[in-house]
Structures are given as C-alpha cells and as structure tokens.
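In what follows, a structure is listed as structure tokens, so that the remarks can point back to it.
The values are calculated or read from the model by the stated rules, or taken from the named source; none is laboratory data. A quick note: this is a predicted structure, and the numbers were derived from the prediction, not measured. Glycine also receives a Cβ, built like all others from the backbone with ideal geometry; neighbour counts cover every protein chain displayed. Protein only, heavy atoms only, side chains kept; ligands, DNA and RNA dropped before computing areas. Shrake-Rupley method; radii C 1.70, N 1.55, O 1.52, S 1.80 Å.
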Amino acid sequence: MRLVRQNERGDTIIEVLFAVAVFAMVAVGSLSIMNQGTATAQRSLEITLVRQQVDAQAEAIRYIHQAYVAAYQKGGVAPTGTAAEWTKMTSKTTGKGANGASEFGNFGDTCPTTTPGERPFILNARTATVWGTTPSMAAPAGSSLPPFAQVAYNTDSSIQSAFGVWVEAVPSTNPDGPGFVDFHIRACWQAAGSSAVATIGTIVRLYEPR
C-alpha cells in the first residue's frame, strides 16, 4: 500500500522578513511615543518645581520688604535682622531704569555659561537672607542634584548650591516720583527631551517707604 503525501506550504523568507519588519516598526513607534510621553511629564514636573523656586524667591523678597517698612515706620531706628537684608538686596542694584536688567528669554539652545546681569544674587528663602555667593548656571561638578534650575538646601537650612536661578534688582530712575525697585527673578535650564532651553521669569516691584 503506497501513501500519498499532500504538498505542504510554509511561509516564504520574504513573508517572514516582512512580518519582522512590521513588528519592528510597531515596537519602535511605541517606544518613541512612550519616550515622548515620559519627556513631556518630566518637563511638566521640572516647570512646576522651578516655578516653586521662583515663587519662594518672590515671597522672601516681599517678606524682607515688609520687615524693612516696619522698621522704617519706627523712625530713626537702623534696620536690623530681616529688615537689614533689604539694604543688602538694594545694594546689589544693576544699571538704571527698565533696561538695567540683562536680556532674558532669547537664549536659544543653551543657557548662558555665567550668570547674567551686573550683580546677580539669590536669597535663602528659608531664612530670608541674601546668600553671600553668586549663583552659578550649572550644578557643581560631581553633584547628584537634578539638572533643572534650583536652590538646594542643607539639613540646617543653609544653601548647599544654587544654579540656573538668579535675581537682578533694578531701581527706579525718577527722583521725584515714587521710589521703587524691580526684582527680576529668572530661571533657565535645559529641559528634558527638548533641544531648546526652558525659561521662567517674573518681576516683583516694591516701593521704598518715604
């Protein structure tokens, strides 16, 4: 008795290669979408954290100003403690008028390598004091801190390092009008998953008591 074998047909090499190529395209596309989503979430987190740093600087500046005004209203009393920090901040004024602050927001693909402005400074927002060191534009070498702009603190509330965030103080120029100081609070850092830098800035205007 003779057995008759039926013809059996499998996938050709071209069909297998095509299936592999389709699978690879789907996998790469999925990974790309996941990476974009992760980068977007990281950028949003960084913006939130840096905005908190900027807001903390603004609140510290207002707190110091309130202490200075209270001391001024006592009359003839030299400001001490927190009130004395106002004198330190205003001694760091840069230039004159609205053009006294450095250019901001047109950094392109990279942040400046040195802190902009004539006399940039930063505050210890926890103690409402002017930090004696000029903030830098990059984390210290070997630092394990995240790369976004921030003021990092030690456990005793002293500043460990400050980079990518700074303040520029610009006074008014009209001697007959109300005296004020504009505090330009700024931040610049390389955002995650982006070829362009991220920037955040605000201006706090506070008036001199007269």
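Using the empirical formula 2.2 N^0.38 Å as the baseline, the Cα radius of gyration of segment 148-206 reaches a ratio of 1.52.
Share of carbon and sulfur in the accessible area of segment 99-210 stands at 47%, probe radius 1.4 Å. Once the C-beta distance of N106 and A84 is scaled by a Förster radius of 45 Å, the resulting FRET efficiency is 0.80 to the nearest 0.05. Compared with the alpha-carbon gap, the fully stretched path from T133 to R119 is longer by 3.9 nm at 0.36 nm per residue.
Kirkwood-type hydrodynamic radius, segment 68-208: 16.4 Å, calculated from all non-identical alpha-carbon pairs. Based on the Cβ-Cβ distance of R51 and M25, what FRET efficiency does E = 1/(1 + (r/R0)^6) give at R0 = 41 Å, to the nearest 0.05? Once the sixth-power term is evaluated, E becomes 0.60. Accessible area per residue for segment 139-203 is 41 Å², calculated with a 1.4 Å probe on protein heavy atoms, without ligands, DNA or RNA. Computed extension gain for T40 through F18, at 0.36 nm per residue and net of the alpha carbon distance, reaches 4.6 nm. Comparing A152, G117, G81 along the charge dipole axis of segment 73-194, the residue lying farthest to the positive side is G81, per the Cβ-charge model.
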